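To start, the structure under review is shown below, and the notes come after it.
The values are calculated or read from the model by the stated rules, or taken from the named source; none is laboratory data. Here the structure is a predicted model, which means the values were calculated and not measured. Neighbour counts are summed over all protein chains in view; Cβ atoms, including those assigned to glycine, are modelled from backbone coordinates with ideal geometry.
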Amino acid sequence: MKHLLKKIDREKNKIEHFIDSMRDFFSKTHDQSERNNRLEVFDTLLLLATYAQADELENEFQSVLPLQERGEAINYLCQELREINGFCKGSFSDEHDVYKDLFSEIKFPTAEKKQAVRNLLSATITELIFEKTNTPSKGLGAS
């Protein structure tokens, strides 16, 4: 169990690094109004990634992200948000590399145990995002 929690913490740290690096990137926008807008859009997309269906998230990308700026940073942003969404919604298969790594720590990996690990990873990531966006978890109906 100790190794499993360490691995979940490692995944949390990767996502925290992503959030911090994107915030740093957007904070370098020269125009104050545009900087605030980009940070607000980022926080909104982060929160959306915790609960939306994948197609809803994709629609939001199309709606709020500038089409003319579809460079490396935007592609990276979208890919990471898709991954966060997959973990928070538990929509990835058992064959996803992160799940395979986490499940390797379970002695007898039953469907119930795997689901418990998925739920723990989802809750850990969701709580991190709530903290990073200053969103009270009770305010969104989270348990």
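Some observations on this one:
- Any hit, the stretch 114-134, residues being charged (D, E, K, R), closer than 15 Å to Met1 by Cβ and modelled with pLDDT under 95: no
- Selection status of Thr29, among the polar types (S, T, N, Q) and within 16 Å of Glu131 (Cα to Cα): no
- Among (1) assigned to a helix (DSSP H, G or I); (2) surrounded by 13 or more Cβ atoms within 10 Å (Cβ to Cβ), the one test that Thr29 misses: (1)
- Check on Ala49, of a type in the set (A, V, I, L, M, F, W, C) and either at pLDDT 95 or above or closer than 27 Å to Ser104 by Cα (or both): yes
- Hits in the stretch 37-54 - residues which are without any contact (Cβ under 8 Å) to a residue 12 or more places away in the chain and closer than 22 Å to Glu16 by Cβ: Glu40
- For the stretch 65-114, the tally of residues that are under 15 Å from the mean Cα position of the chain (by Cα), over 16 Å from Thr50 (Cβ atoms) and touching a residue at least 60 places away in the same chain (Cβ under 8 Å) stands at 1.
- Subset of the stretch 113-138 (residues that are out of contact with any Ser or Thr (no Cβ under 9 Å at 6 or more places or on another chain) and over 19 Å from Leu39 (Cα atoms)): Lys113, Lys114, Gln115, Ala116, Val117, Arg118, Asn119, Leu120, Leu121, Thr124, Lys138
- Test result for Ile8, surrounded by fewer than 17 Cβ atoms within 10 Å (Cβ to Cβ) and among the hydrophobic types (A, V, I, L, M, F, W, C): no
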